[in-house]
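The values are calculated or read from the model by the stated rules, or taken from the named source; none is laboratory data. Source: prediction; values computed, not measured. Don't worry about glycine lacking a Cβ; one is built from the backbone with ideal geometry, like all the others, and counts go over all protein chains shown. Just the protein is used for accessible areas: all its heavy atoms, side chains included, with ligands, DNA and RNA removed. Shrake-Rupley method; radii C 1.70, N 1.55, O 1.52, S 1.80 Å.
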Amino acid sequence: MKLASLKGGRDGRLVVVSNDLAWFTEAHHIAPTLQVALDQWQGCEPALRGLAESLEHDAVPKERFHEHNAASPLPRAYQWADGSAYVNHVALVRQARSAEMPETFWTDPLIYQGGSDAFLGPRDDIPLSDESWGLDLEGEVAVITGDVPRGATREQALAAIRLVMLCNDVSLRGLIPGELAKGFGFFQSKPASAFSPVAVTPDALPGWKDGKLSGALEVELNGEPLGEADAGTDMTFDFGTLIAHAAKTRPLAAGTIVGSGTVSNRGPDGGPGKPVGQGGVGYSCLAELRTVEAISSGAAKTPFLKAGDTVRIDMRDAKRHTVFGAIEQTVAAG
C-alpha cells in the first residue's frame with residue numbers, strides 16, 4: 001500500500017496512491033491526514049488497504065497523481081530522529097574534519113533529534129541564505145512508526161514500523177564543526193529535510209527484510225549520477241535496532257520518523273569506494289565525495305551546493321519503475 005499527503009493545510013490531505021504512482025483516490029472518509037491514520041492504525045489500516053485494492057481495480061473514483069502536488073508524507077511530525085546506521089559514512093565525514101571515531105560507534109547507534117515542525121515537500125526548493133554554510137544533500141531511507149513502548153525490544157520495534165520512505169536530510173557542513181565543538185549536538189546545521197512523495201508499507205517492498213531495505217538509492221546532482229549505493233549493504237544497524245535504541249528510556253509516539261543516516265557503501269577493498277564515473281557506486285552526499293577527493297589528491301575539489309543546483313533522490317524496482325516517487329529539489333538563494 002502506498003500513501004501520500006497532497007498539499008493543503010499544515011498536515012496535508014491523505015490519499016491512497018496506485019502501485020505505479022499514476023493515480024490516487026481520496027481517503028478523507030477514512031482519515032483526513034496521515035497522522036490521524038497512524039493514531040488510529042488498527043482501524044484505519046484495513047480500510048486503507050481495501051481502498052488501495054479498489055483503486056487497483058478501478059472500483060473507486062481516481063485522479064492523476066502528480067508528485068509536485070505532494071507534501072512530504074508527514075508535512076510535520078511529532079518526532080524526527082535520524083540515525084547513522086552506515087558507519088562507513090560516519091568514519092568518512094569525521095575524517096574530513098579530522099575527528100577521531102571511537103570504536104563504540106560500531107556497536108552503539110548514533111541518533112540525533114532533528115527539527116520536525118516543518119518538512120520540505122519532495123519538489124520544494126531548498127532555501128540557502130549563505131553559500132559559506134556548506135549546503136549538502138544526504139540520501140537516506142526513513143521509516144514512520146506507530147506507538148513504540150519505552151524499553152521496546154528490537155522485535156517490538158520492527159513490528160511498530162508502519163511505512164517506509166526516502167529522505168533528503170539537508171545539512172550545512174560549514175556549521176557542523178562549531179556546533180559539535182560545544183558538545184550539545186546539531187541545531188542550526190540541520191535545517192528542514194524533505195521526504196519522498198509517497199510512503200510505502202513494508203509488505204509492498206520486495207527489498208524489505210529484517211529491518212533493512214535493499215536496492216540502489218539513486219542520487220543525482222544537476223542531472224549527473226552522484227551515487228547508487230545499495231541501502232541494504234553495509235547498514236551496521238537495522239531499523240529495529242535504531243528504533244529500540246531511541247526507545248530505551250522513553251516511548252515513541254505514532255508518527256515518529258526514524259532515519260537511517262546517509263546510505264554509504266564501502267569499496268570492494270573495504271575502502272571508501274569510487275565515484276560512479278570510475279566504476280564505483282559513488283556517494284549519497286557531497287561530504288563523502290569531498291573526503292575521497294582529499295584522500296586521493298590532497299584537496300576536495302567538488303563544491304557544496306549553490307543556488308541553481310538540482311538534486312534528485314530515487315529508488316527503482318526491478319522493472320526500473322520508481323518505488324517512492326522522486327525527491328527533486330533546486331537550491332534557491334535567500
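The table below gives the values:
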quantity: Looking only at the stretch 108-126, and only at residues there that are under 30 Å from His66 (Cβ atoms) and open to solvent by less than 40 Å² (accessible area, probe 1.4 Å), the one that is farthest from the chain's Cα centre (by Cα); calculated: Ile126
quantity: Residue list for the stretch 195-208, filter: farther than 15 Å from Asp317 by Cβ and either open to solvent by 30 Å² or more (accessible area, probe 1.4 Å) or of a type in the set (Phe, Trp, Tyr) (or both); calculated: Phe195
quantity: Qualifying residue in the stretch 21-44 (condition: in contact with a Pro (Cβ under 6 Å, 6 or more places away or on another chain) and open to solvent by 20 Å² or more (accessible area, probe 1.4 Å)); calculated: no
quantity: Yes/no for Val60 being modelled with pLDDT of 75 or more, β-branched (Val, Ile, Thr) and touching a helix residue (DSSP H, G or I) at 6+ places or on another chain (Cβ under 6 Å); calculated: yes
quantity: Filter pass, Thr256 being surrounded by fewer than 21 Cβ atoms within 10 Å (Cβ to Cβ) and of a type in the set (Ser, Thr, Tyr); calculated: no
quantity: Test: residue in the stretch 183-194 that is farther than 26 Å from Gln278 by Cα, modelled with pLDDT under 95, open to solvent by less than 40 Å² (accessible area, probe 1.4 Å) and outside any strand (DSSP E or B); calculated: yes
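A quick yes/no check of all residues on (1) assigned to a helix (DSSP H, G or I); (2) open to solvent by less than 10 Å² (accessible area, probe 1.4 Å); (3) within 30 Å of Leu6 (Cβ to Cβ); (4) acidic (Asp, Glu):
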site	(1), (2), (3), (4)
Val263	no, yes, yes, no
Arg266	no, no, no, no
Gly273	no, no, no, no
Gly280	no, no, no, no
Glu288	yes, yes, no, yes
Val292	yes, no, no, no
Val311	no, yes, yes, no
Lys319	no, no, yes, no
Phe324	no, yes, yes, no
